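All remarks here apply to the structure that follows.
The values are calculated or read from the model by the stated rules, or taken from the named source; none is laboratory data. Not measured: the values here are computed from a predicted model. Cβ placement follows ideal geometry from the backbone for every residue including glycine, while neighbour counts extend to all protein chains displayed.
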Ligand SMILES: N[C@@H](CCC(=O)N[C@@H](CS)C(=O)NCC(=O)O)C(=O)O
């Protein structure tokens, strides 16, 4: 069965490139850039949103990084995906939390830096930076109890949340007050699969 993943590593596609590297399956990487290449008719046939990442795995075509990652882990990396429904619910909880509580805020800042750099809305940036400690405190307190989000082992929940948070570096958010978060990030970011995904371009 042929597996193809679309997207460049310096984008949100890193999340799914990291996940597919964790599975160890064979796949084809099509380094689709998010400006022009994601708007071709051919690519729009894969992801009608014109965004990266996207995955084609045999008969299945998927967009949305979190959905792709949950599918990849459940199908090809069961060690990263708990079978117990209560733990699976926590995987879903943290994955949704990452995009709704962290990504939403950090994107407010990134949009200003990347798209409006000559006319930045400083107030929007300040408000987002001031709002970030609230979810980060929740994460920090949770990680005081265990090395990873679901306990002692790295799971797709850790990958999904920490991959979202790769962008915190770009906005130079100071994590000094969130020691458990920084230590957990270091554990997650030391994984070989992430390094391989980052090297894909
Ligand atoms: N919610 C989507 C967001 C994907 C997304 O917005 N990707 C950006 C690159 S970081 C993109 O393709 N942008 C092109 C565009 O918005 O036209 C996901 O997580 O997969």
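Check segment 43-50 and report whether any residue there is in a loop (DSSP other than H, G, I, E, B) and in contact with a strand residue (DSSP E or B) (Cβ under 7 Å, 6 or more places away or on another chain). Show your work before the answer.
First, pick out the residues of segment 43-50 that are in a loop (DSSP other than H, G, I, E, B): 47-50.
So of that shortlist, the ones also in contact with a strand residue (DSSP E or B) (Cβ under 7 Å, 6 or more places away or on another chain) come out as 47, 49.
Yes, that holds for at least one residue.
Taking helices (runs of 4 or more DSSP H) that do not extend beyond segment 104-201, which have at least 3 residues that are at pLDDT below 95 and on the phi < 0 side of the Ramachandran plot?
Numbers: elements: 104-115, 122-131, 133-143, 156-164, 179-189, 192-198.
Here the list reads 104-115, 122-131.
Return the total of residues in segment 2-24 being away from the ligand (no atom under 16 Å from the Cβ) and outside any loop (DSSP other than H, G, I, E, B).
Residues of segment 2-24 away from the ligand (no atom under 16 Å from the Cβ): 2-3, 21-24.
Of the ones still in play, those that are also outside any loop (DSSP other than H, G, I, E, B) are 3, 21-23.
Residues that pass the stated criteria total 4.
Determine whether residue 42 is over 18 Å from the mean Cα position of the chain (by Cα), at pLDDT 95 or above and not assigned by TED's automatic domain parsing to the domain that holds residue 149. Explain how you work it out, then say what you get.
Working: over 18 Å from the mean Cα position of the chain (by Cα): yes; at pLDDT 95 or above: yes; not assigned by TED's automatic domain parsing to the domain that holds residue 149: yes.
Yes; evaluated as a whole, the condition is true for this residue.
If residue 38 meets every condition in (1) surrounded by 18 or more Cβ atoms within 10 Å (Cβ to Cβ); (2) within 29 Å of residue 93 (Cβ to Cβ) apart from one, which number is that one?
Of (1) surrounded by 18 or more Cβ atoms within 10 Å (Cβ to Cβ); (2) within 29 Å of residue 93 (Cβ to Cβ), only one is false for residue 38: (2).
Does residue 100 satisfy the criteria of being in the same structural domain as residue 155 (by TED's automatic domain parsing), within 16 Å of the ligand (Cβ to nearest atom) and more than 18 Å from residue 150 (Cβ to Cβ)? Walk me through it before giving the result.
Numbers: in the same structural domain as residue 155 (by TED's automatic domain parsing): yes; within 16 Å of the ligand (Cβ to nearest atom): yes; more than 18 Å from residue 150 (Cβ to Cβ): yes.
Yes.
What is the number of the single condition among (1) modelled with pLDDT under 95; (2) outside any helix (DSSP H, G or I) that residue 82 does not meet?
Against the list (1) modelled with pLDDT under 95; (2) outside any helix (DSSP H, G or I), residue 82 comes up short only on (1).
With 53, 82, 78 as the choices, which residue is buried (at least 19 other Cβ atoms within 10 Å of the Cβ), without any contact (Cβ under 8 Å) to a residue 60 or more places away in the chain and under 26 Å from residue 191 (Cα atoms)? Walk me through how you get there before you give the answer.
Numbers: 82 fails: without any contact (Cβ under 8 Å) to a residue 60 or more places away in the chain; 78 fails: buried (at least 19 other Cβ atoms within 10 Å of the Cβ).
One residue alone meets the criteria, 53.
For segment 95-105, state whether one or more residues are touching a residue at least 24 places away in the same chain (Cβ under 8 Å), under 15 Å from the mean Cα position of the chain (by Cα) and surrounded by fewer than 18 Cβ atoms within 10 Å (Cβ to Cβ). Let's see the steps before the verdict.
Of the residues in segment 95-105, the ones touching a residue at least 24 places away in the same chain (Cβ under 8 Å) are 95-99, 101-103, 105.
Remaining after also requiring under 15 Å from the mean Cα position of the chain (by Cα): 95-99, 101-103, 105.
Going one step further and asking which of them are surrounded by fewer than 18 Cβ atoms within 10 Å (Cβ to Cβ), we end up with 96.
Among the residues of segment 95-105, at least one is touching a residue at least 24 places away in the same chain (Cβ under 8 Å), under 15 Å from the mean Cα position of the chain (by Cα) and surrounded by fewer than 18 Cβ atoms within 10 Å (Cβ to Cβ), which makes the answer yes.
Mind counting the residues in segment 25-84 that are at negative phi and within 16 Å of the ligand (Cβ to nearest atom)? I'd like the intermediate steps shown before the answer.
Of segment 25-84, the ones at negative phi are 25-49, 51-57, 59-63, 65-84.
Checking which are within 16 Å of the ligand (Cβ to nearest atom) leaves us with 29-49, 51-57, 60-63, 65-73.
Summing the residues that are at negative phi and within 16 Å of the ligand (Cβ to nearest atom) in segment 25-84 gives 41.
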